[in-house]
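Quick notes on the structure that follows.
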There are 2 protein chains.
Amino acid sequence: MMAKLNTSTPSGFPEFSPAEQRVIQHWKKTIAEIFEANGFSMLETPLVERAENFEAKGGNAKEIYVLDRLRREEAVDQDKDIRAIRFDHTVPLALYVARHFNEIAFPFRRSVIGPVMRGERAQKGRFRQFDQCDIDVIGSEKLSLANDAQMVAIIAQIFEKLMPEQKFVIRINNRKILTGFFAAFNADPAEFKKLLEFLDNLEKNPNAKLEGHPIEFQERILEFVETTGTPDEILDTLKAFSDHPEFIEGLEELTKVVKLLRTMKVPDNQWLIDLRIARGLDYYTGTVYETNLVGYENLGSVCSGGRYDDLAKVFMGKNLPGVGISIGLTRSLWQLFEDKLIDTKRVNNSDVIILSRDNSLLASSLQLGKELRSKGISVEVYMEDKKIQKQFDYAKKMGIPCHIIVGENDTQVECDNLEFKMQIENLI
Amino acid sequence: MMAKLNTSTPSGFPEFSPAEQRVIQHWKKTIAEIFEANGFSMLETPLVERAENFEAKGGNAKEIYVLDRLRREEAVDQDKDIRAIRFDHTVPLALYVARHFNEIAFPFRRSVIGPVMRGERAQKGRFRQFDQCDIDVIGSEKLSLANDAQMVAIIAQIFEKLMPEQKFVIRINNRKILTGFFAAFNADPAEFKKLLEFLDNLEKNPNAKLEGHPIEFQERILEFVETTGTPDEILDTLKAFSDHPEFIEGLEELTKVVKLLRTMKVPDNQWLIDLRIARGLDYYTGTVYETNLVGYENLGSVCSGGRYDDLAKVFMGKNLPGVGISIGLTRSLWQLFEDKLIDTKRVNNSDVIILSRDNSLLASSLQLGKELRSKGISVEVYMEDKKIQKQFDYAKKMGIPCHIIVGENDTQVECDNLEFKMQIENLI
């Protein structure tokens, strides 16, 4: 006798219901369209690269998945290299650029939407496979700050479109303002990473203590990052704060980005300057972003990113500047589903389903479906030979809001929406 | 000193150029839209499942990739199960259905577009990671033959849209006609698989010999499968061939499918009955399909599939009928690129690029871009502070067919297409 198979999903590999997947697909499609409308081309790299390259670019070996065979056969598998699954889209992008530097048209505007894997401890809301939606612009030498501003414009377009009823805010800062501030207080550059991480954790742990520094220094930092006001007020306040060259450079960059945001007509209520935004990762060097849904700050940032100087140096010995953002699609949507912030009543995008009182009428139903489709209506035809009640059950389970019932002598229309019902009745 | 990193892609994991990826994305989007228009909902399952389930459903253990960690830490990784990467979309679908049988609305119309992995010997045109585009309809009990016909209609819609200038033909058969024919000649049912594989290989090896059977039997088979004519002529000829119940059943099914194709108005020149189509895989039980591009038969079938009775029996002890098709996107497109059958001149979908004679004019360029975009034109704004010649080089490398050059006192338009040029000039 065969042992019973365990058919459940492996821990940390999430599976969404058809109705949730409809939302996931809608988000992916909308995000992809907005990326494209802003001049970014989708570029998919392999799921797998040589493990050595992931480690060289800061991957956590304990979390990196590598490929093996279920059973090995020497003759078939001659690969000596350890092949690892990507844990983000940035390292594969760096590898792509290193491989194809001479063919690429710079600035290189690249988008990607797809899965990455991290062997983290699986826990509620943390997954081992999840979709990330990224864009990056990579320059061959310098890269205009207009790209930094465009990222904000794109985030705004995306959340305006995805959640038109939901307020969101893009919080902008510049790393050089923070590191310049630390330097102005003679902090050791070796400490900067720790200081940035301290800031990064402030929102989660407002009472955290900064170890190894006098309490006065912590107080000065907190006072500084709590500077509030309109963007112009903050920029104005900062002018008097320090004349450290790095601080000044950061301030000038942020001032230019703010000016460009206005040129690009990003609405004022969608973004602000927040000096607490540090982004923990150590590769950011200029503009940084986080995005919050107002009233749902507990979700964390739904879209983050920033400017970096050194995309592919470890692979090609050349500094390439870039700026990018990433939407953690799986994690954000999982939380939005949990909190019932997103409607998941409908399973597919059919506006209408055609049911038949008798399966001998299927030919008419198919013909009617074809006609309505040619008029731009999304129609499903129920084709099985089942009693009408079973057909209604199906339509209900799918959440399709309008039913056409084809009978021998008449055709009925039942819709939640009366206006749509009249539109359909006029068409059939 | 650090050893130089090998940044090349691992063998068998393909990487396409930005221009090729533009075509890949266009195909994926078009295929997804047609799947959806026909009532199929995208349902993505995890890339990873328990290896035991893949083996139970006929996976080749030598080709199945499993996950390990680059470095293990017991505290983090407590999974005892072997997790394997999917090698097709059918087994994950069977697992999904087994897991969610009671929640699913049947007939369950599911689509998926995404990567699968097989650890085959890497060779020209054969990849270890490749995208498959699948749809399947799964019934809880019986499943109407209208679904079998709909598959043909969908294949036709897809290739009509993707390659409007290219003739294609969908070749249809029914497995029961073949097995009924074998049975009518008293062939041992244990031999059917071998006989079907013999047929399946005929096109590649027209001189192959059928081992272990008298030459007369091979001749009878060949004579039978070479029956040609219009669908109606073939159906008519077959009526007189055998009265074996399985043969009759297959013939009746095929006759109904043909009738439904006409109801669905699939053009006559896009499909035919071809008795040589056997589909090697042993799970098909009824209708089977292959699709060829006329004049490029060497590509093999670009879309294949068929009817099966037993999707998830090994997982849930219940027979569920289904019918599905699969497009081997990566393999087909790779070959079409190789044969230069597809234009890959353009890198992105921008119709227009706005260049600036001086970077101080960037604000005007951005504004103009926004205006044109609001009129439905796909526009890219060149934002870097570079000499105009560099900007032209970029536009050329990207293959963008129309350039707007913003100057201090004038704005010029240069387009390949004069009509489009006039349209743009009227808008600016």
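The values are calculated or read from the model by the stated rules, or taken from the named source; none is laboratory data. As the structure is a computational prediction, the values presented were derived from the model and not from experiment. Positions of Cβ are backbone-derived with ideal geometry, glycine not excepted, and every protein chain shown enters the neighbour counts. Areas reflect the complete protein model, heavy atoms only, side chains present, ligands, DNA and RNA absent. Shrake-Rupley method; radii C 1.70, N 1.55, O 1.52, S 1.80 Å.
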Pseudo-label separations to other copies for B:F217 - Cα-to-Cβ vector, 7 Å, nm:
8.8
Rounded to whole Å, give me the distance from the Cα center of segment B:269-309 to that of segment A:56-70.
40 Å
If you roll a 1.4 Å probe over the heavy atoms of the protein chains, what accessible area per residue do you get for the protein assembly as shown, in Å²?
44 Å²
To the nearest 20 debye, what charge dipole does segment A:349-428 have about its Cα centre, counting +1 at the Cβ of each Lys and Arg and -1 at the Cβ of each Asp and Glu?
200 debye
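Taking the Cα centre of the protein assembly as shown as origin and charging only Cβ (+1 Lys, Arg; -1 Asp, Glu), how large is the dipole, in debye to the nearest 20?
For the protein assembly as shown, the charge dipole is close to 620 debye.
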List every residue whose amide H lies under 5 Å from the amide H of B:R69, counting only residues 5 or more places away in sequence or on a different chain, with H placed 1.01 Å from N in the peptide plane.
A:V66
What a careful reader reports for the chain A Cβ nearest the rotation axis onto chain B, distance rounded to whole angstrom, is A:D68, 3
Computed for segment B:220-363: size of charge dipole around the Cα centre, +1 on C-beta of each Lys and Arg, -1 on C-beta of each Asp and Glu, debye to nearest 20, value 620 debye
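More than 23 Å apart: what percent of Cα pairs in segment A:9-118 qualify?
46 percent
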Once label points are set 7 Å from the Cα along Cα→Cβ at both A:R121 and A:T30, what is their separation, rounded to one decimal in nm?
3.5 nm
On Cα atoms only, tilt of A:146-162 relative to the major axis of chain A in degrees
30 degrees
Mind checking B:341-353 for the average number of partner chain beta-carbons within 10 Å of each residue's beta-carbon?
2
Log10 I(q)/I(0) at q = 0.08, 0.14 Å⁻¹ for chain A, from Debye over equal alpha-carbon scatterers, is -0.60, -1.30
Between copies, how far does the label point of A:K239 sit from its twins, in nm, shortest first, when each point is 7 Å from Cα along Cα→Cβ?
9.4
Tell me the carbon and sulfur percent of the accessible area for chain A, rounded to whole percent, probe radius 1.4 Å.
48 percent
Counting only C-alpha contacts under 8 Å and six or more residues apart, can you give the relative contact order of segment A:359-428 as a whole percent?
26 percent
Between the label point of B:D310 and that of the same position in each other copy, find the distances and list them shortest first in nm, with every label point placed 7 Å from Cα along the Cα-to-C-beta direction.
6.0
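If you take the square roots of the eigenvalues of the alpha-carbon gyration tensor of segment B:87-209 and sort them as a ≥ b ≥ c, do you get rounded (a/c under 1.5), prolate (a/b over b/c) or oblate?
Here segment B:87-209 falls in the rounded category.
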Between the residues A:L272, B:F182, A:S356, the Cα farthest towards the positive end of the dipole of the protein assembly as shown, that dipole coming from +1 and -1 charges on the beta-carbon of Lys, Arg, Asp and Glu, is from B:F182
Accessible area buried, both sides summed, chains A and B with 1.4 Å probe, Å²:
9100 Å²
